[in-house]
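For reference, the structure discussed in these notes is given below.
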Amino acid sequence: MSTHPAPVTMPGLRSTPPVIPAARTILALDLGTTTGWAGLVQGVVHSGTMTFHTGRYDGGGMRYLRFQTWLEGLAEDTGGVAAIYFEEVRRHIGTDAAHIYGGFLATLSAWCERKGVAYQGVPVGTVKRFATGKGNADKQAVLAAMRSRGFNPADDNEADALAILLWAMETRGGVL
């Protein structure tokens with residue numbers, strides 16, 4: 001018997017918010033070569049960034065293998081991940097960025113499916129509107145908004161992850 005709600009027709013979307021035991025982690029991600037992350041672990045918010053650059057002699061899939069290994073480590077270190085929320089990007093300026101994002105998204109969704117972890121994309125405009133009141137706010141506005149809430153994000157990636165986490169916590173994953 002699964003403790004996760006049954007998925008609806010679109011992969012990654014759940015019909016109800018996940019039931020999150022107090023001892024399990026909620027994770028928020030801003031996917032990319034420099035991935036911003038924020039997690040609620042036993043009632044305490046942690047955040048940062050993780051870089052998945054490839055080296056000169058790395059194959060194209062190495063960044064995704066490193067990302068998957070990183071997810072495994074987070075799950076192990078925190079006693080399990082109950083739900084992951086990520087920034088759902090529908091438009092990229094560059095082709096390379098779109099391909100890289102797609103690889104991270106594929107790796108994340110496959111990992112979540114394999115581990116039975118609930119996952120949900122949050123549109124960029126929703127995150128920005130939640131954080132700043134404007135759906136088209138720039139990176140600096142999101143950084144300022146997170147700082148005004150008492151956080152000290154190193155960059156816009158970490159600020160976005162914090163905004164996603166706060167959105168998930170305050171809206172119960174979009175279900176008020």
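No value in this document is a laboratory result; all are computed from the given coordinates. If you're wondering where the values come from, they're calculated on a predicted model, not measured in any experiment. When we count neighbours, we look across all protein chains shown, and the Cβ atoms used for this are built from the backbone with ideal geometry, even at glycine.
This ranking places 85, 57 by how few other beta-carbon atoms lie within 10 Å of each, fewest first, which gives 57, 85.
A straight Cα-to-Cα reach below 12 Å connects residue 139 with the aspartates and glutamates 155, 156, 158, 160, residues fewer than 8 places away in its own chain not being considered. Annotation for segment 71-176: trypsin sites (Lys or Arg not before Pro) lying in DSSP loop with at most 15 further Cβ atoms inside 10 Å of their Cβ are 90, 91, 134, 149, 172.
Taking all Cα pairs closer than 8 Å and separated by 6 or more residues, the relative contact order of segment 124-176 comes to 29 percent. The label-point distance for residue 129 and residue 57, in a model that sets each label 7 Å from Cα toward Cβ, rounds to 5.0 nm.
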